1. Scan the stretch 367-384 for residues that are of a type in the set (S, T, Y) and either touching an Asp or Glu at 6+ places or on another chain (Cβ under 9 Å) or not assigned by TED's automatic domain parsing to the domain that holds A349 (or both) and jot them down.
2. List the residue pairs whose Cβ atoms are under 7 Å apart, where the first residue sits in the stretch 313-335 and is over 16 Å from I453 (Cα atoms) and of a type in the set (D, E), the second is at pLDDT below 95 and part of a strand (DSSP E or B), and the two are 6 or more positions apart or on different chains.
3. Report yes if S339 is in contact with a strand residue (DSSP E or B) (Cβ under 7 Å, 6 or more places away or on another chain) and either crowded, with 18+ Cβ neighbours inside 10 Å or not polar (S, T, N, Q) (or both), otherwise no.
4. So which residues in the stretch 354-377 are closer than 22 Å to K393 by Cα and part of a strand (DSSP E or B), if there are any at all?
5. Quick one: would you say K468 is among the basic types (K, R) and under 30 Å from the mean Cα position of the chain (by Cα)?
6. Return the residue satisfying two criteria in turn: it lies in the stretch 387-409 and is of a type outside the set (A, V, I, L, M) and touching a residue at least 60 places away in the same chain (Cβ under 8 Å), and of such residues it is nearest to W372 (Cα to Cα).
7. What do you reckon, is G315 surrounded by fewer than 18 Cβ atoms within 10 Å (Cβ to Cβ), closer than 25 Å to R235 by Cα and at pLDDT below 95?
8. Among all residue pairs at least 6 apart or on different chains, which show Cβ distances below 8 Å where the first residue, located in the stretch 340-356, is at positive phi and the second is part of a strand (DSSP E or B)?
Amino acid sequence: MLSIREIRVTCTAIIPASVLGLTTLALVLPVQPLHAAPACSSSSVDPDGDGWGWENNASCIVESTSTNAASNTGTSTASDGTPICASAASDEDNDGWGWENNRSCVVGGTASVESTSTTNNATNDTTSNDNSGVPVCNSLAADVDGDGWGYENGQSCIVTNATSNNTTTTTGITPGAAPPPVSAANAGFNSLGQPICLTDASDDGNNGFGYEDNRTCVVQPGVTATRNAPLLNQRSCMPWLEIGYGNYRLQNNTWNSAAVYSNNWSQCIELTGGPGNYVAKWDYNWLARNEGNDYAVKSYPQVYFGRKTRYNVSGSVAETRLPASVNNLPQFWVEYDYSETGVVERNVALESFFHTSCDAEEYNKQYEMMVWVGVPSIRTPGTLVTSVNLSGKDWDVYTNPTLGWAYVAFVAQQPHNSGTLNWNEFVNWSKDQGPSYGVPAMWPNTCMGAIEIGTETFWGTGTFSLNKFEVY
């Protein structure tokens, strides 16, 4: 039996049950409206004077009343009030600016002179330095992206042999365990010091600014990826990050990771191939059955076509024909091919969510239709009500009255890893014939938002390659 399927919080949005989808070529983070930025506590965090600063791991806006707050005391400052970095090691890109104690700092002056040890004022623990005076990381867990640099005790640190011999971690993850989620790659900074967006998919307002890695970024032609020039071979483990390509988006959906009893899980996505032959991939480790609720779906990494919400759109209505009313639904065919490895309890499922209007959002989802082409060994989607033949294949039909919305699932009697489906046949059967078998009825003005494909994983470790997914 499936548990409540998915609650995703990004800014103010709530993300649904289990299945989500993707489309647009570039790495995209959960979107936060630009107007939601908090006020900076000090104008010193706005080094370029553009009215925007970076503080407490988030973008902030400089207001006329912004002053140096009490939290900014205790660090040397330059003549203009800008904090001086305690160590030049925090300036990883050598642009003269670093990041320490949750704020920007300038490299220079006596405060940046290398010392032989640093002290964490919160714990009074002393961190050793290497010969260059750079603090040595206490734990490999501090280096989440594997570049040899970490962040501990409010400052950058370097990973050395001593780090790997230290069994203490600051995140509760033991050495050798599955890695925790990590951030996406960084596209760098422009001449004004502004972060460059990795992909234009985060620029929902098409105003030249996006939001990635918990900060505002600027779209720069030739550097920022677009769906027609996507970033390839960029593996990322950040939850909810998206990679767009053409009219499709690959999404690292980890909606129910809380059903695992530790933070030792991992799930990462990557796009390979090229135009006409893109391959969406993901790998995951949702641990053993006894390391989480094995009756609960943990995630749904997926590719989607259409609109999931106003912030998750793979292409325009003209390009995708979605959202569309079920009473006037264009013809949709879905072609797919996948391969996988691993020991895992999961399904491979295509699905669509139906909404009470064509303004498809999370809050107005009314109906979920799934098509399981890959079937778990011991899990079913609910209560079996009948069997049907659609698109030339036999399916067992399930419904699940325990969910908070209407639900129907078609489960292949003979699982298959490739095929072509007449999507309208499944929609029309659900709408017209399903109610006579106990399947919930669709509302009169129901609109289909997107067509998706992904894997719902209960537990286990494996890889998945979506060699082909085409909606036409």
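1. Passing the criteria: S377, T380.
2. Hits for this filter: zero, empty list.
3. When the stated conditions are applied, S339 does not pass them.
4. E368, M369, M370, V371, W372, V373, G374
5. Judged against the criteria, K468 is a match.
6. This residue is N400.
7. On the way: surrounded by fewer than 18 Cβ atoms within 10 Å (Cβ to Cβ): no; closer than 25 Å to R235 by Cα: yes; at pLDDT below 95: yes.
In short, no.
8. Cβ pairs passing all conditions: G342/G460; G342/T461; G342/G462; G342/T463.
The values are calculated or read from the model by the stated rules, or taken from the named source; none is laboratory data. Please read all numbers here as calculations on a predicted model, not as lab measurements. Positions of Cβ are backbone-derived with ideal geometry, glycine not excepted, and every protein chain shown enters the neighbour counts.
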